[in-house]
Amino acid sequence: MTGGLSLEVTNLSTTFETPLGAVTAVDGVSFDVRPGEVLGLVGESGSGKSVTLRSLIGLIHPPGKVSGRVIWNGQDLLSLPSGRLARVRGGEIAMIFQEPMTALNPVLTVGLQIEENLRAHTALDRGQRRARAVELFDLVGIPDAKRRLENYPHQFSGGMRQRVMIAIALASNPRLLLADEPTTALDVTIQDQILKLILSLRDELGMGVVLVTHDLGVVAATCDRVAVMYAGRIVETGTVVDIFDGPRHAYTRGLLSSVPRGGAERAPLLAIEGTPPALSALPPGCAFGPRCSFATDACRDARPGLLTIAPDRQVACLHHDAVAANRGQVA
Amino acid sequence: MREPALISVEDVGKVFPMTHSLLRYMRGMPQLSVNALNGVSFDIHRGETVGIVGESGCGKSTLARCLVRLHDCDSGQIRFEGKDIAALEGTARRQFNRRVQMIFQDPYSSLNPRMRVRQILGEALSVHRMRPKAAIPTRIAELLDIVRLPSDAADKFPHEFSGGQRQRIGIARALAVEPEVLVADELVSALDVSVQAQVVNLLLRLQEELGLTVVFVAHDLRLVRHISHRVVVMYLGRVVEIGPTERIFSAPAHPYTQALLAAAPEMDPRRRNTAPAARGELPSPLNLPPGCAFSTRCPLATDRCRAERPALRATENGHMAACHLVDTHAVTA
């Protein structure tokens, strides 16, 4: 076992050409993922969290353009030739998707699909690959592994399909797992099983995990650190306990108070008024300004940068002290 | 003594037959069918919010559709003010349709994309002759105001709105006919969290102001807890537990409810548990286990659970559970 690797993302931007002009889906995002750590990327639809994940490993196709630096194991993934990137992707860095039915090949048995990955990224011979596939199915908790390897994706339930996808992702012993809403399509008892599976694999294999989700409950239950995204930018980062205890960005605060908690049944929730802006028509200054109750003229003049206010804690809000102070009155 | 129930669901069953495959036919095997609802009974009282929760395939959406008579029940009956809704005809049926309204999960597919909001609301108003023709524009403006949409919304098409706004149009359309009961099937599931809260607040406010009875079908336990007075927990087409919201969440009696609550992630990162709450997955509704439907996943299941189907029995004030073990106190919250 070599020492853990970390991923360093600096100033990542992804733009798409659209008929309405260039749209910046991810705008100057920087973060790092340490070995064995679960980093949550949280945000609502259109906040750029999935595009961020895809940009990391070159899954953005033209006319999409990606700039910035993604340093993994001493090399910049964004400037790697496609052949070498393909070896990293699915090898050291694996990804699982929200909808396993579309990510799996419907006309191949799942055994063949695992084997495909093992052939591409390991030096095992046929018999060893077969044995490893059974091992992987056992690891992710698919009963009757030998027989199930002969099955096609449609013969699995949603939760089992997600396990198959995780097994395929793990085939190459990845050091970093990118998970894009892995449990959003699943029922709550199955979601619980899958999240706990990912956490126990993280502990066993020491891999880092980037978990993209919109569900704050999932974040609270699984992540070590959180980066909150809004309109393509990171607006706040911190450890999960710090973020949940004392959000310092008005958006994070609104997001947390939008979720009903036990104890105040049938009381109005503190909703965030309005809707997220279209990426093609971002307001000047802070993108959250028009929906923010703390906003002042200064917020409309210039876009606040991400400030480091404590170790492991960054926030992009001019009034973060006021937000933190106001939290007390609300809770 | 409480007044009689506004809607009573009595032993309702709904079966969806599958296509009979030639192979099965030639082998003389019976046609397969999905038992979506299996003897569901409960009451809904005027002015209350009843939450119906369960995982996918538990029959909650089928039940919602039966309540508004989009499906006819295959067995049992649903009574509205004491009258079997399956027997309503003509004017009585139209009256029922007006008084019990449904709001659908997907605001993208439940609004006609070729109609302006004015036409969508106007149609509801004129079909049920809610207002004389001349008063319709005023009423449309009123409805938009009730759901907090700008007045210029009337002349736009559904695609010009965001998801949350579209759900408001769905609510306005349902309210246009001045219903007494709203059946909301996964009302906010397709919306972002911050927008969800807006729609939930709207629903709570409307219920207070208009004295509506609400049936809130959802899979999100936090939302159901927030909105409902009483909660019905369903599993594979059966009611496994029913009771006042506070009791269900603080002292769940059925092992399935307990597993469901334990599986829902806590909003507090300090309170994590590492053991999965429920093992296994839902059995196929084509082939239900003979005894308790949850017995295949239940950690406490006994031989009796696998053989004999437990009936829904009262544990205390208005709290009922369908579990053989509730009486013996083997199940603790």
Report summary line: Filtered hits (aspartates and glutamates, Cα-Cα < 17 Å from A:LYS65, offset >= 8 within chain) -> A:GLU17, A:ASP27, A:ASP76
Query - Inter-chain shielding of A:253-263 (mean C-beta neighbours from other protein chains, 10 Å cut-off) - result: 5
Query raised in the report: Residues with beta-carbon under 9 Å from that of B:LEU312, excluding B:LEU312: net charge, scoring Lys, Arg +1 and Asp, Glu -1?
Result: +1
Requested in this report: List the lysines whose Cα lies under 30 Å from the Cα of A:LYS146, skipping any in the same chain that are fewer than 8 positions away.
Outcome: A:LYS196
Requested in this report: Please report A:THR239, A:THR252 as a ranked list, fewest other C-beta atoms within 10 angstrom at the top and most at the bottom.
Outcome: A:THR239, A:THR252
Query - Selected from A:LEU149, A:THR15, A:ALA94, residue furthest toward positive end of dipole (region A:7-223; charges at beta carbon) - result: A:LEU149
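Around B:LYS156, what is the net charge, scoring Lys/Arg as +1 and Asp/Glu as -1 over all other residues with Cβ under 15 Å from its Cβ? Don't skip to the end; give the middle numbers.
On the way: positive: B:ARG114, B:ARG116, B:ARG118, B:ARG166, B:ARG168, B:ARG173; negative: B:ASP152, B:ASP155, B:GLU160.
Result for the neighbourhood of B:LYS156: +3.
Test of understanding: ordering A:HIS61, A:HIS249 by Cβ neighbours within 10 Å, fewest first, what list do you get?
Working: A:HIS61 7, A:HIS249 30.
Least crowded to most crowded, the residues run A:HIS61, A:HIS249.
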Query raised in the report: What angle do you read, to the nearest 10 degrees and between 0 and 90, between the alpha-carbon axis of helix B:117-127 and the longest principal axis of chain B?
Result: 80
Query raised in the report: Highest GNM mean-square fluctuation, chain A, Cα pairs closer than 10 Å: which of A:GLY48, A:GLY158, A:GLY90?
Result: A:GLY158
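For the pair A:ALA264 and A:ALA298, what calculated FRET efficiency results from E = 1/(1 + (r/R0)^6), where r is the Cβ-Cβ distance and R0 = 25 Å, to the nearest 0.05? The partial results should precede the final answer.
Values: r = 33 Å, r/R0 = 1.34.
That gives a FRET efficiency of 0.15.
Roughly how big is region A:246-330's charge dipole about its Cα centre, with Cβ charges of +1 (Lys, Arg) and -1 (Asp, Glu), in debye to the nearest 20? Write down the numbers at each step before the final one.
Numbers: 9 positive and 6 negative charges, 33 e Å.
Dipole about the Cα centre, nearest 20: 160 debye.
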Report task. Could you work out how far helix B:163-176 tilts from the main Cα principal axis of chain B, as a 0 to 90 degree angle to the nearest 10? Result -> 80
Query raised in the report: Under a plain spin-label model, where a point goes 7 Å from the Cα along Cα-to-Cβ, how far apart in nm are A:THR239 and B:PHE157?
Result: 5.3
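Quick one: putting +1 on the C-beta of Lys and Arg, -1 on the C-beta of Asp and Glu, what dipole do you get for the protein assembly as shown around its Cα centre, in Debye to the nearest 20?
That gives the protein assembly as shown a dipole magnitude of about 1000 debye.
Averaged over B:274-283, how many beta carbons belonging to a partner chain fall within 10 Å of each residue's beta carbon? List each step's numbers first, then the result.
Values: counts 4, 2, 10, 5, 6, 3, 5, 8, 6, 0.
Mean partner shielding for this stretch: 5.
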Query - Magnitude of the charge dipole, region A:132-285, Cβ model with Lys/Arg +1 and Asp/Glu -1, debye to 20 - result: 180
Report task. Would you calculate the separation in nanometres between label points at A:ASN105 and B:ASP303, each defined as 7 Å from the Cα along the Cα-to-beta-carbon direction? Result -> 5.0
**Report entry** Per-residue ³J(HN,Hα) for region B:260-268, Karplus 6.51 cos²θ - 1.76 cosθ + 1.60, θ = phi - 60°, Hz, x for Gly and Pro
**Finding:** 4, 5, 5, 7, 5, x, 6, 7, 10
Report summary line: In degrees rounded to 10, the 0-90 angle between helix B:193-210 Cα long axis and the longest Cα principal axis of chain B is 70
Report task. Set Lys and Arg Cβ to +1 and Asp and Glu Cβ to -1, take the dipole of the protein assembly as shown about its Cα centre, and tell me which of A:PRO106, A:PRO81, A:SER258 lies farthest positive. Result -> A:PRO106
**Report entry** For region B:268-305 and region A:208-280, distance of Cα centres in Å
**Finding:** 31
Report task. Please give the net charge around B:GLN198, taking every other residue with its beta carbon less than 13 angstrom from that of B:GLN198, where Lys and Arg add +1 and Asp and Glu add -1. Result -> +2
Requested in this report: Select from A:ALA171, A:ALA310, A:ALA179 the residue whose mean-square fluctuation is largest in a Gaussian network model of chain A (Cα-Cα springs shorter than 10 Å).
Outcome: A:ALA310
Query raised in the report: Which of the lysines could be linked to B:LYS60 by a straight reach, that is with a Cα gap under 20 Å, when you skip same-chain ones fewer than 8 residues away?
Result: B:LYS14
Query raised in the report: What list do you get for B:HIS226, B:HIS20 if you sort them by fewest beta carbons within 10 Å?
Result: B:HIS20, B:HIS226
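Rounded to the nearest 500, what is the 222 nm mean residue ellipticity of chain B from helices alone, with -39500 (n - 2.57) per DSSP H run of 4+ residues and division by all residues? Mind dumping the intermediate values first?
Numbers: 11 runs with 104 residues, N = 333.
Computed mean residue ellipticity for chain B: -9000 deg cm²/dmol.
Throughout, read-outs are computed from the coordinates displayed, never taken from laboratory work. The structure presented is a predicted model; accordingly, all values stated were derived computationally and were not measured. Positions of Cβ are generated from backbone atoms using ideal geometry, with glycine treated the same way; all protein chains shown enter the neighbour counts.
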